[in-house]
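The values are calculated or read from the model by the stated rules, or taken from the named source; none is laboratory data. Quantities reported herein were computed from a predicted structural model and do not represent experimental measurements. Here the Cβ positions follow ideal geometry from the backbone for every residue, glycine too, while neighbour counts run over all protein chains shown.
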Amino acid sequence: MDGHYLGAMNTTAEEYVVPVEYGISSTRMEIDRFIVPTVTIFIALLLFFFMLFPLWSILQLSFFEGGQFGIANFTLANFKKYFTTSYTLNALWHSLYVSVATTIIVTILVFFFAYAMTRTTISGKTFFRNVIMMPLVAPSIIQALALIYLFGRNGLITAHFLKIDWNIYGATGIIVSEVLYCLPHAFVILYTTLSAVDIRLDEAAESLGATPLKVFTRITLPSAKYGIFSAAALTFNLTITDFGNPVVIGADYNVLATEIYAQVTNLYRFDLGATISIILLVPSLMAFILNYYISRKTFAMISGAAKPVIPPSRPLKKISFTIYCCLVSFSIIIIFATVVIGSFVKIWPYDWSLTLSHYKFPSIGGYSAIWTSVWVSIFVGIGGSFITLVAGYVMETRKPFFKQFIYLLSVMPAAIPGLVMGLGYILAFNKPYYFFYGTPWIIVINVIICNFTLGILSSISNLRNIDPSIEEASISLGGDTIKTFFKIIFPLSRVAFFQNFVYFFMRSMTTISAVIFLVSATVHLAAIEIIMLDNDGWTASANAMCTCIIVIVLIMLGILQIVSKKTGTHQEGLVSAL
Amino acid sequence: MSKKLVLENVSKHFGSLIAVNNVSLDIMPGEFLCFLGPSGCGKTTILRMITGFEQVTAGNIIYDGKIINDVIPQKREFGIVFQSYALFPNMTVNQNIAFGLKMRKMPQKLIDERVNEMLGLLGLAGWDTHYPSQLSGGQQQRVALGRALAIKPSVLLLDEPLSALDAKIRVRLRTVIKRLQEELGITMIYVTHDQEEALALADRVVIMRDGEFRQIGSPFDIYKEPKTSFIAEFVGTSNFLTCTKKNGKIQFGRLEFVAANSSDVAEETVYLAIRPENIEIVDVTVPADNCVPSNIVEVEVEVINFLGAVVRITFFLEGEEMFVDLPEKEFEKISLKRKDKVKLYFPPDAFHIYTELFRKLI
């Protein structure tokens, strides 16, 4: 190659003229000026209209008489009624009790699980990591369904093996099912934290003569403390806002989420439903804000020098951690196995002959509910990942006015319980002129908004990996915003886009609380059908419906794996799918 | 053809930080201009204001007699080459070079012609269907050059384009860029922190420090007549002698030197700078008869570094570490060893006299 590239210079200074006939179109550039403001305003309006407006409707109904905004109408009567009725007030104490209990159990369980994954040399880590992520692919009702099959009034273990009268309904059932539901969420945080903290710190301490216990309490625990608090806050938030598990296994033990539903659906007391929503919003908002500030600190702790070279663990340590991880994994597998097997046997636990009869769904929804769910989820997936990518792009690279404000709006949905958002949607949009009310479209919008935060955060972190010079190169060559986005940014974000798609798809397939108020006589969703079937006594069919959802989500995850492998992006099972 | 580009009292503030402080400069059509300075001196900020990626805080950027402060980057028709190449990874070499032309809605036939012309110009023929990830760093930067030149920009701006490459490729591509500029007659504005690169390429060099222009001149002038002690140290290497001036005589410790033009300086403390290659070795590179006797000193060789074409000898003078560079051929004649004594001569007119020292280098 040497020297050759200088030979072919036939362009001389005389020929060198700016070709005006092929200049950059001025009209196109004039239009381009409006693209970023338009998109910014669109996103702001979207969040205003589909997040703040429903929230406002809830506030209005709970604080103002007849829901009519005005100083004269201001009233605390609803709250007074709530706090003076012992039954409803109990829901608050119940919620706090199960949430605190779940938080403590999950944080401890998951910490040692993550410790085993990051600080020991046990084998089968990939298996354990995938198993602990499994609860993500199912609606947060599977735990309750399985526990009832195992420990319920007719439970396989309680009634048939042990022949005892005890059953799991109530607080115990809620706590156990919530623990099994929250494991993957807490695991992601603690796994990241523990892998990020430099293991050489432990080695340094050991080389200075510290005992293993001292190393653990003085080095490992303190360095992971932000991760621990963050995982705890998230677990608390997930538990207190969960609806699926308590509604199935709670029996008479009412919690805030089930109480909102009962007030609205059974008693038509929208005002009390709204009031309880506000009461639920307070602790979940506090947990969210706490988590938000802590997770900022977690990232500050992550050192670039951290290297996951783990020294071989002692045999006793290896054996005990392997047993521990097996136990946790076994509990999760049992949950899934019970529901899947339960959907194929004739009468659990009396008649174990196999049958497909439970898959002939007796409810109105049936298979049409599954197809609606799939279609809704595909739209949620495409819409959610596209909107969050565009929003992330505009916010990250084009720095519009009010960037901080839009950012704040974008992280808010994570703080709002799905059930509260859903109730807000009824209150705000149940008017004849909102044509989308009562159609699947309101569900699509609702699920996108409810999961907006994680979508936009992952879009932004992906966009930060793209060299800003690439964007500038495109601009300097005459690329406008739309062309730059579609020709360069979008192709470069393909894998992240598809991961986001799968995330939105998965959330949409499995969410219960966000959409329970939005299904109607004509629009059925698979996840909600589970509750309906279980409610009507078709427990085996509820299991079958649950199995269908799991299979569909797993298929989508499989496609993600294939696509990611093809495009050469490194994947680590479900962990990176998050 | 390129037109005159003028910076008129340009300033750029980032909050309370003043990145560029009221600078003015006329950049002539077809000129190769280098902004040279240490990192954080504001050179990249100036480039980004010329490209339109940053807005000026005060002053004007004028191209062809028109103020272009508010012209968007797309309409400036300036080509840019980035340090990180910034090639589009999802496009082939061909598509990368064609990108700007496609944006201009040029007919495909003309695009093909232009792309082929660029491939030939940059020695990339045969690589057109490759993706950037399949190319070496040097090839990628040539693609980036071709992409920027394909739109026939009126000015080409290069932001440390060779910093990410290894030494050999860097020198080779330097020649490519210089030849392109001379053949195409296009104005090139080049930002670098590498003084050797700036001296090798530029018609004019602008030395920047703390957001200001410290010296503007040809590479020759800047090397031979650095205006400040900072430039004397930053461009090339200089030995500094902190001296006191008494009764018109310059004293360095116990030594007394004669320096040309020293009578112009009124201050009591003066700093003499002398480049290592300007120190002579008595009776080797200069006969003793031609020397001013007071400027001859005997020193002990401390370290000898063989650098190829030159040999650098480190010695101490009045406790100060200094260097003398000797052409390898001259060094062969005397074959010095560590701890050998050698007589050095500091020619009076080789000294530059400064009244400030930017900071003592370790």
query = Just for strands (runs of 3 or more DSSP E) wholly inside the range B:299-352: which have at least 2 residues that are modelled with pLDDT of 90 or more and under 12 Å from residue B:280 (Cα atoms)?
reply = B:320-327, B:341-345
ask   = Looking at the range B:275-291, is at least one residue modelled with pLDDT of 90 or more and assigned to a loop (DSSP other than H, G, I, E, B)?
value = yes
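For the condition under 30 Å from residue B:335 (Cβ atoms), touching a Cys at 6+ places or on another chain (Cβ under 9 Å) and of a type in the set (A, V, I, L, M), what is the one hit in B:282, B:270? Full working, then the answer.
Numbers: B:270 fails: under 30 Å from residue B:335 (Cβ atoms).
Criteria check complete, one pass: B:282.
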inquiry  = Please go through the range B:233-274 and give me each residue that is assigned to a loop (DSSP other than H, G, I, E, B) and of a type in the set (Lys, Arg), ordered by number.
reply    = B:254
Criterion violated by residue A:300 - all others in (1) under 24 Å from the mean Cα position of the chain (by Cα); (2) within 26 Å of residue A:228 (Cα to Cα); (3) at pLDDT 80 or above; (4) of a type in the set (A, V, I, L, M) satisfied = (3)
ask   = Checking residue B:105 against (1) touching a residue at least 60 places away in the same chain (Cβ under 8 Å); (2) at the interface with another protein chain (Cβ under 8 Å from one of its Cβ atoms), which single condition isn't satisfied?
value = (1)
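Please find, within the range B:43-73, the residue that is nearest to the other protein chains (Cβ to nearest Cβ) out of those that are in a helix (DSSP H, G or I) and farther than 16 Å from residue A:24 by Cβ.
My answer is B:48.
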request  = Could you tell me which of the residues A:438, A:381, A:392 is within 17 Å of the chain's Cα centre (by Cα) and of a type outside the set (S, T, N, Q)?
outcome  = A:381
message = Show the residue pairs meeting these rules: Cβ distance below 6 Å; 6+ apart or different chains; first residue within the range B:161-181 and of a type in the set (Lys, Arg); second residue modelled with pLDDT under 90.
response = B:179/A:6
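Condition first: assigned to a helix (DSSP H, G or I), hydrophobic (A, V, I, L, M, F, W, C) and surrounded by fewer than 20 Cβ atoms within 10 Å (Cβ to Cβ). Now tell me which residues in the range A:230-266 satisfy that.
The first filter runs over the range A:230-266 and keeps only residues assigned to a helix (DSSP H, G or I), leaving A:230-241, A:244-249, A:256-266.
Cutting the leftovers down to hydrophobic (A, V, I, L, M, F, W, C) gives us A:231-234, A:236, A:238, A:240, A:247-249, A:256-257, A:260, A:262, A:264.
Residue satisfying the conditions is A:262 alone.
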query = For residue A:461, all conditions in the list (1) away from chain B (no Cβ under 13 Å); (2) without any contact (Cβ under 8 Å) to a residue 40 or more places away in the chain; (3) of a type outside the set (A, V, I, L, M, F, W, C); (4) not in a helix (DSSP H, G or I) hold save one; what is the number of the exception?
reply = (4)
ask   = All but one of (1) facing chain A (nearest Cβ under 8 Å); (2) free of Cβ contacts under 8 Å to residues at least 12 places away in the same chain hold for residue B:99; which doesn't?
value = (2)
task = Scan the helices (runs of 4 or more DSSP H) fully inside the range B:122-232 and keep the ones with 3 or more residues being within 30 Å of residue B:357 (Cβ to Cβ), in the same structural domain as residue B:24 (by TED's automatic domain parsing) and in contact with a helix residue (DSSP H, G or I) (Cβ under 8 Å, 6 or more places away or on another chain).
result = B:195-201, B:219-224
request  = Might you check whether a residue that is in contact (Cβ under 8 Å) with a residue 60 or more places away in the chain, surrounded by fewer than 17 Cβ atoms within 10 Å (Cβ to Cβ), closer than 26 Å to residue B:118 by Cα and assigned by TED's automatic domain parsing to the domain that holds residue B:157 occurs anywhere in the range B:11-28?
outcome  = yes
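Could you pull out the residue among A:498, A:490, A:505, A:485 that is closer than 26 Å to residue A:380 by Cβ, in the same structural domain as residue A:437 (by TED's automatic domain parsing), surrounded by 24 or more Cβ atoms within 10 Å (Cβ to Cβ) and not charged (D, E, K, R)?
Details: A:498 fails: surrounded by 24 or more Cβ atoms within 10 Å (Cβ to Cβ); A:490 fails: surrounded by 24 or more Cβ atoms within 10 Å (Cβ to Cβ); A:485 fails: surrounded by 24 or more Cβ atoms within 10 Å (Cβ to Cβ).
It is A:505.
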note = Picking from A:180, A:147, A:89, the residue that is in a helix (DSSP H, G or I), buried (at least 22 other Cβ atoms within 10 Å of the Cβ) and out of contact with any Ser or Thr (no Cβ under 6 Å at 6 or more places or on another chain) would be A:180
query = Which of (1) facing chain A (nearest Cβ under 10 Å); (2) hydrophobic (A, V, I, L, M, F, W, C); (3) over 25 Å from the mean Cα position of the chain (by Cα) is the odd one out, the single condition residue B:81 does not satisfy?
reply = (3)
